[in-house]
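Rule-based calculations on the coordinates, nothing more; no lab input. Just so it is clear, the structure is predicted and the values come from calculations on it, not from any experiment. Heads up, the Cβs are rebuilt from the backbone with ideal geometry, glycines too, and the neighbour counts pull from every protein chain shown.
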């Protein structure tokens with residue numbers, strides 16, 4: 001009995017990590033509090049309700065692919081700012097590592113620390129996947145469920161162009 005219960009619990013845990021259902025286009029922004037890279041609470045739901053916002057998820061700060069993804073957006077910062085896009089990067093790292101990552105790579109946007117996976121869960125995102133979402137005034141208008149690393153900014157800019165000129 002104990003072995004069966006343990007197996008079911010492990011299967012359920014793995015299933016939730018690997019097969020979460022992401023937000024659908026047209027969904028309202030999740031109403032959730034989050035912790036930024038400075039260890040401060042922010043109302044992420046309220047932030048997503050104002051203007052155009054990109055939320056990108058990466059598995060682990062300070063790793064090669066995640067650094068390429070974040071630096072891609074850093075390098076496109078001026079262009080994204082000219083389009084009034086606010087940006088939040090999210091990983092399951094603690095605030096201290098997020099702050100170190102942000103400082104080391106001079107990232108001009110806020111990073112969200114999600115060690116308990118609550119933000120990931122609110123987005124229906126598997127904990128270790130790389131994804132990106134664009135919200136316009138609180139509504140999901142674009143998503144990339146297999147976000148690229150060094151091409152993240154190019155993909156986001158192309159999506160913004162498409163959204164502006166459908």
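In this simple spin-label model, placing a label point 7 Å from the Cα along the Cα-to-Cβ direction at both residue 21 and residue 60 gives a separation of 3.1 nm.
Axis angle, to the nearest 10 degrees, between helix 152-164 and the longest C-alpha principal axis of the chain: 70 degrees.
Only Cα sites of the range 42-85 enter the Debye sum here, all with the same form factor; the resulting log10 I(q)/I(0) across q = 0.21, 0.26, 0.28, 0.33 1/Å is -0.83, -0.97, -0.99, -1.05, listed in q order.
Counting only alpha carbon atoms, the long axis of helix 95-104 and the longest principal axis of the chain meet at about 40°. As I understand it, the value is the acute angle between the Cα axis of helix 64-75 and the longest principal axis of the Cα atoms of the chain; what does it come to in degrees, rounded to 10? Helix 64-75 sits at roughly 30 degrees to that axis. Sorted from greatest to least, the principal axis extents spanned by the alpha carbons of the range 85-166 come out as 41, 28, 23 Å.
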